[in-house]
Amino acid sequence: KLPPDQKVTWRKDSALNDRGQNGEDLTGGYYDAGDHMKCGFPMAFTATVLAWGLVDYEAGYTAAGALDDGRKAVKWATDYFLKAHTAPTVFYGQVGRMDLDHEYWGRPEDMTLERPAYKIDTSHPGSDLAGETAAALAAASIVFRNVEPTYSKKLLIHAKQLFDFANNYRGKYSDWVTVAYGSWDYKDELVWAATWLYRATNDSTYLNTAESLYKEFGLVYWVGILSWDNKVTGVQVLLAKLTNKQEYKVSVKKYMDYLINDQQKTPKGLLFLGEWGSLRLAAHAALIMLQAADLGLTPDGYRQFAKTQIDYALGDGGRSFVCGFGNNPPTRPHHRSNSCPPAPATCDWNTFNSPYPNPHVLTGALVGGPDEND
């Protein structure tokens, strides 16, 4: 059910019957990637990183007049996670089936698809999913600490329960929820969750857990791309910030210098870390670089380089990659409801194949991005 102050007027209430296996209310949350699935693992990562930005760059959000919207965006996710966490060791990680979802092109409010819900529990553990959600709730608890203290405390209670669940019953969620985004490993999410819980609580037990698991799992040797499935550089930069220890700073600096000096770039200077969502990967790298600069590691050079990545997305390469912004922005983002004309007009695969701009502007949306040749 959309909030009364919803700014996107062409969206309507949708999927109001989303339920758990025992009838639990699973309405709310975000759809994934222009589709209509609710995928808890990448959704939680999104919420964690959004909250991180609000915590560390609040002045920037305030200057942009976006602080209130930023908080609302995080809360839309965390409200859903609280519903999905139906018992200390039960968490619903997905609603919808990818195969069915990908056969449908239309408005979310017109959906009649079956939308099964999938959960993790003690006999079907998911340390990655539970851990990332714990991180999101812990980070969000800091966002709301001074503005909604009761809500902040509630988030923290659930974050602690989810972390205990993740740590005590170890396993990969995608071994059970096989119709979801596959997870590469759960070890980084466990450390990431413990690190965020330490930041949110100042309870040194969480820091000790994070540092000992970091060593036990050998995370220092992991490759550092920050994405929904890999949190290692996020862990390193946060641990560097929270402990001031040289070992974490060294790891962060080594990877940042590698990105600047040796990582493949497009001819116009975008870090090319993968063809699937090239801009999001470069933007994540820029976030880590700005965090590293805040720690005093090559601050001028890192800030300058990070800025080139964001400026590229905003149009410095000749065209904007953000809908509704700048020069020649994208007009046909892969996003179903955005592609549909106002109801009651038909919306189907013919709409998808239309060569014309989408009827609505998906203001502020960053598209996947260019290939290695820009």
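The values are calculated or read from the model by the stated rules, or taken from the named source; none is laboratory data. These numbers come from a predicted model, not from an experiment. Every residue, glycine as well, gets a Cβ built from its backbone with ideal geometry; the counts of neighbours run over all protein chains shown. Quick note on the areas: whole protein, heavy atoms, side chains included, nothing else; ligands and nucleic acids left out. Shrake-Rupley method; radii C 1.70, N 1.55, O 1.52, S 1.80 Å.
Are any of the residues in the stretch 291-312 open to solvent by less than 10 Å² (accessible area, probe 1.4 Å), part of a helix (DSSP H, G or I), hydrophobic (A, V, I, L, M, F, W, C) and over 29 Å from Val361 (Cβ atoms)? Yes - at least one qualifying residue is present in the stretch 291-312.
Take the conditions (1) under 25 Å from Tyr104 (Cα atoms); (2) touching a Leu at 6+ places or on another chain (Cβ under 8 Å); Gly29 misses just one of them, which is (2).
Yes/no per residue for (1) out of contact with any strand residue (DSSP E or B) (no Cβ under 7 Å at 6 or more places or on another chain); (2) assigned by the TED database to the domain that holds Phe41; (3) over 30 Å from Asp99 (Cα atoms); (4) of a type outside the set (A, V, I, L, M, F, W, C):
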position: Ala138; (1), (2), (3), (4): yes, yes, yes, no
position: Asn168; (1), (2), (3), (4): yes, yes, yes, yes
position: Gly171; (1), (2), (3), (4): yes, yes, no, yes
position: Lys187; (1), (2), (3), (4): yes, yes, no, yes
position: Thr195; (1), (2), (3), (4): yes, yes, yes, yes
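Of the set (1) among the hydroxyl-bearing types (Ser, Thr, Tyr); (2) more than 23 Å from the chain's Cα centre (by Cα); (3) within 27 Å of Ser337 (Cα to Cα), all apply to Thr150 but (3).
Within the option set Ala136, Ala84, being within 18 Å of Leu197 (Cα to Cα), touching a helix residue (DSSP H, G or I) at 6+ places or on another chain (Cβ under 8 Å) and touching a residue at least 40 places away in the same chain (Cβ under 8 Å) holds for one residue only, Ala136.
Which of the residues belonging to the stretch 317-351 are touching a residue at least 40 places away in the same chain (Cβ under 8 Å) and either open to solvent by 80 Å² or more (accessible area, probe 1.4 Å) or not assigned by the TED database to the domain that holds Pro267 (or both)? Answer for the stretch 317-351, where residues must be touching a residue at least 40 places away in the same chain (Cβ under 8 Å) and either open to solvent by 80 Å² or more (accessible area, probe 1.4 Å) or not assigned by the TED database to the domain that holds Pro267 (or both): His334, Pro342, Trp349. Among the residues making up the stretch 99-123, those that are outside any loop (DSSP other than H, G, I, E, B), in contact with a strand residue (DSSP E or B) (Cβ under 9 Å, 6 or more places away or on another chain) and not charged (D, E, K, R) are Ala117, Tyr118, Ile120. Per the listing Thr363, Thr346, the residue uniquely under 27 Å from Leu226 (Cα atoms) and part of a loop (DSSP other than H, G, I, E, B) is Thr363. The set of residues in the stretch 259-290 being among the small types (Gly, Ala, Ser) and in a loop (DSSP other than H, G, I, E, B) consists of Gly269, Gly274, Gly277. The residues of the stretch 213-258 that are part of a helix (DSSP H, G or I), under 28 Å from Gly315 (Cβ atoms) and either open to solvent by 10 Å² or more (accessible area, probe 1.4 Å) or among the aromatic types (Phe, Trp, Tyr) (or both), listed by number, are Tyr255, Asp257, Tyr258. Scanning the stretch 152-167 for residues that are touching a residue at least 60 places away in the same chain (Cβ under 8 Å) and of a type outside the set (Asp, Glu) returns Lys154, Leu155, His158, Gln161, Leu162, Phe165. State whether the residues of the stretch 58-68 include one that is surrounded by 20 or more Cβ atoms within 10 Å (Cβ to Cβ) and β-branched (Val, Ile, Thr). Checked the stretch 58-68: no residue is surrounded by 20 or more Cβ atoms within 10 Å (Cβ to Cβ) and β-branched (Val, Ile, Thr). One residue alone among Asp18, Asp13 is touching a residue at least 12 places away in the same chain (Cβ under 8 Å), closer than 27 Å to Val179 by Cα and open to solvent by 10 Å² or more (accessible area, probe 1.4 Å), and that residue is Asp13.
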